[in-house]
1. So, in Å, what gap is there between the alpha-carbon centers of the range 284-328 and the range 89-152?
2. Between residue 50 and residue 232, what is the label-point separation in nm under the 7 Å Cα-to-beta-carbon projection?
3. After finding the eigenvalues of the alpha carbon gyration tensor for the range 104-193, what semi-axes result from the square roots of 5 times each, listed largest first in whole Å?
4. 7 Å from Cα along Cα→Cβ at both residue 323 and residue 252: what's the point-to-point distance in nm?
5. Set the Förster radius R0 to 25 Å, insert the Cβ-Cβ distance between residue 118 and residue 272 as r into 1/(1 + (r/R0)^6), and round the FRET efficiency to 0.05.
6. Taking R0 as 45 Å, what FRET efficiency do you get between residue 297 and residue 213 from their Cβ-Cβ distance, rounded to the nearest 0.05?
7. Compute a Gaussian network model of the chain, connecting alpha carbons closer than 10 Å, and tell me which residue from 209, 283, 261 fluctuates the most.
8. What order do you get for 8, 317, 264 when you list them from fewest to most C-beta neighbours inside 10 Å?
Ligand SMILES: Cc1ncc(COP(=O)(O)O)c(C=O)c1O
């Protein structure tokens, strides 16, 4: 099976399983798990921050971040296509009592104008604008990247209005590789940021939140309140540590393979794809005549599995478990069915 539905479908590699089996562990709720501490220290250095915190999932990372940045009744400005707005089961309202202000953007990325226009006047009738949240890369926009200039420009608006800046970095590693800049440069403008191990890195479980010592102390409390304080979780951190080794070369390969498949899709009259938006490991394209479901069905005959992203929209996602041979087979399947 060539599973291109998501980069979350990867299986732990033999090296990860071995590291998991041999991981030194302790009780992480007491801060005593040496492998968790090793991962957190390594990430603090990579992210250029005071402190980091391992959490079970990206959704929990987003929700912890928003909770430590807001008070109930505050408003969070974000893109309408964001994960926080679309795919977190209304958690921000339930957990933090915040209101989301989803912005329609031209390309799935907020601009300074978008942010300026969304910030509410300081008057009692309005919710208090408190956080600007962005995704890098922006998944639903096709894995597009916010470059450093755009991030710094938005950060300047955020600071001028005394708001806070949050980064959903589920695919931050991909952004860093695509831009060829260090991870810490993409994190620095934010108050709080996180990145996933269970997507491009290929580990089975976990994300890491990064920020100041004060915010991470607060985040540790919220993690416990949400039931995310784990005990001998070094077995999970061990896999993430293995995944970090050599990740830049592997993600560069995923990006190049995405580009190869995108070129094939773009050559086919059946589909509409903006190649400019294929910047990382995700390809999102529209189907001219027919439905996403029909494309999924036809590709499945070749054991190539992709995912619907709307009635006439399909997403293909490259990841660690997709070989160059799988990429060739996917291009052949596309040509066989749609040329
Ligand atoms: C951009 C983005 N943010 C957050 C998440 C949530 O991560 P998790 O599935 O680990 O909860 C995802 C998951 O795919 C994502 O794509």
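Taken together, the values in this text are just the output of simple stated rules run on the coordinates, not laboratory data. Quick caveat: nothing in here was measured; it's all calculated off a predicted structure. Cβ coordinates were reconstructed from backbone atoms using ideal geometry, including for glycine residues, and neighbour counts include every protein chain displayed.
1. After rounding, the separation between the Cα centres reads 29 Å.
2. Calculated label separation equals 3.3 nm.
3. 24, 14, 10
4. With each label placed 7 Å out from Cα toward Cβ, I get 2.3 nm.
5. So, using R0 = 25 Å, E works out to roughly 0.25.
6. 0.30
7. The residue with the greatest mean-square fluctuation here is 261.
8. Arranged by neighbour count, lowest to highest, 8, 317, 264 become 8, 264, 317.
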